[in-house]
1. Would you call Ser486 in contact with a strand residue (DSSP E or B) (Cβ under 9 Å, 6 or more places away or on another chain) and of a type in the set (Ser, Thr, Tyr)?
2. Please go through (1) open to solvent by 20 Å² or more (accessible area, probe 1.4 Å); (2) outside the structural domain of Leu411 (by the TED database) for Val341 and return the number of the only condition it doesn't satisfy.
3. Restricted to segment 407-425, and to residues that are open to solvent by less than 50 Å² (accessible area, probe 1.4 Å) and hydroxyl-bearing (Ser, Thr, Tyr), which residue is nearest to Ile364 (Cα to Cα)?
4. Of a type in the set (Gly, Ala, Ser), exposed (fewer than 11 other Cβ atoms within 10 Å of the Cβ) and touching a residue at least 12 places away in the same chain (Cβ under 8 Å): does that describe Gly538?
5. Which one of these is over 30 Å from Trp92 (Cα atoms) and surrounded by 15 or more Cβ atoms within 10 Å (Cβ to Cβ): Gln212, Gln206?
6. With the requirement that a residue be closer than 15 Å to Pro179 by Cβ and not in a strand (DSSP E or B), what does segment 288-318 give you?
7. Pick from segment 463-479 the residues that are of a type outside the set (Asp, Glu) and open to solvent by 40 Å² or more (accessible area, probe 1.4 Å): which of them is modelled with the lowest pLDDT?
8. Scan segment 371-381 for residues that are surrounded by fewer than 18 Cβ atoms within 10 Å (Cβ to Cβ) and small (Gly, Ala, Ser) and report the count.
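The values are calculated or read from the model by the stated rules, or taken from the named source; none is laboratory data. Only a predicted model underlies this, so the values are computations on that prediction, with no experimental measurement involved. Counting neighbours? That spans all protein chains shown, and the Cβs are built from the backbone with ideal geometry, glycine included. Please note that ligands, DNA and RNA were not included when accessible areas were found on the heavy atoms of the full protein model with its side chains. Shrake-Rupley method; radii C 1.70, N 1.55, O 1.52, S 1.80 Å.
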Amino acid sequence: LKMSWFWLYLPLHLLTAICLCHSIKAPNTSSQESFKTDLFNFYHSLILADGKETTIHLLKDIPKRYYFVLEEGRVLAPFSITVTPCDVPIEWSILVYKPPSAKATPGDHDTQEVSKSQKASSMVSTIFNYKGNSVETYMGMSSHSALYLLEFSSTERDTHITVYLTTDTTSGHLYPELPTDPRIDVIGIGHTTVTLTWKHSPSVLQHRESIQYCLLVNEKHNYKSLCAAETAIRSSGMKLPPALALSLSPYLLEPQQQVMILSNSELSIINKVSSGEVRQVCMGTKNTYTVPNLSPSTQYYFDVFIVNLLTNASAAYTGTFARTLEEPEPKVTELKDGKVVRVVLDGKRQKFYSLQYQARHKKIHFTFQLCWGQIRVHITRNGKTVASENLSGLRYFSLKGKLLDTYLVQLRSTEESNSSVKVQASPHFHKPLFPLLPESLKIKSFSKLRTCRSVTIAWLGTQEESKYCVYRKRIEEDQIWRELQSADRCSGPESRHKSEKVLCKYFYDLNLQRAVTTETIKGLEAGTLYLFDVYLFGPSGIPVRYHSKVVKTRKKC
């Protein structure tokens, strides 16, 4: 035989399986290439496990093949195959190898040629083909022994799928069952909430202890399977724990990216990803849930998964979406002459906070002190913009208009975290809220003057006599970033512990070139980090905090 060498390399179990389907006798010349290709496909295939979910990784444009054999002697052997794409659409097919169904009649030359052609084509046939990213199940029945080949391919990019084959369809299901109507109904919509309900899964009624409903909320799109949702979150850079299976083992999470909330037997996990926020909530066997803390006027997509806690297998309800109601017009806070208003802005919502002031004088003075975060201010007079910029530290705006002009101040956080600012509006001649400030609010330390027990610092003053108070705080290396970034620049010494106070003193100099003071802080420990702060008090008594300075004493002297 021209191909007899090939059989020497075939695995014994594969050779046996092929022999069940047709004779070892070589095909005629016209079908020899096709036959060789078929054998090549089987030789480069893997066995698909029966009764077990198999994860398969696919490389782009490189097909992957698996096969299984139905047992000989079984009458009407049933089987089912469920394929779950975990990312992009894939294409998969089921091919069956079986013997020719008819033999040629001797002496009939035309019939012999037809029979040979039929025999070549009947060696393999495609019984199922699908392309897409939905979960698909093929259920088949075979009345004879047969060899089946499954071929999977991805044309978009590398991906992975799960495949579940079973030839035992009577002893239960790996996947939880969906109800006849698997839709999710939206029964209530508010400004920040959406209420959902869905029909119970038959699996909940039968196995209540091991079945759980889990809800996934995001602002991008619906997901057709749980593994597709997990893949999307991971591709966004998240470290995703197996939360929907309620594995409460410790997770290595980045606190800025993920928040876990466990209350009333519900596990909520909020992931911060580049495409928005992804929430996961597992609520036991309740089939009605109100999603809280949503953003107004935002479209959300909702997916419900029924999860088997014993096998971690899941089935997806048909996802839905809803848009929360628009937020009512924000209330406008009235500013009064000389009164200080402190505003905390929600960075997540990125909404403007509005303050209104009606001028009783032609000249108006606005003062802004940024406490923390990043804020943009927009000021209009009678509807026309007069100022718009990002705030940094302390900022003054002196504006000239007419009596009874209406000023509208709009503030917005420019980062995702919350921000805070103090605001004052007053006539131009009004007593100033903040003291006269120096050219720089930086604190300088002198490296050559450092000792094991002392540190010398300096800061700029003004031409106005003012009070300066110095505070120190011992910190560790891993606290430096937090102390410098999270400092409330609007807080005064009242927020400090009494033991941190070093001294207070008054000074000024009419010559700004000489308006500088130094102070040597003694009684420190060797090789230790200290955080130093200076507070400047003006006539109004409201302090301005200099930029914190971290200095380390010498280890050896």
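1. yes
2. Unmet condition: (2).
3. The qualifying residue nearest to Ile364 (Cα to Cα) is Tyr407.
4. So Gly538 fails the test.
5. Gln212
6. Once the filter is applied, which keeps residues that are closer than 15 Å to Pro179 by Cβ and not in a strand (DSSP E or B), segment 288-318 yields only Tyr317.
7. Selected residue: Gln479.
8. Final tally of qualifying residues: 0.
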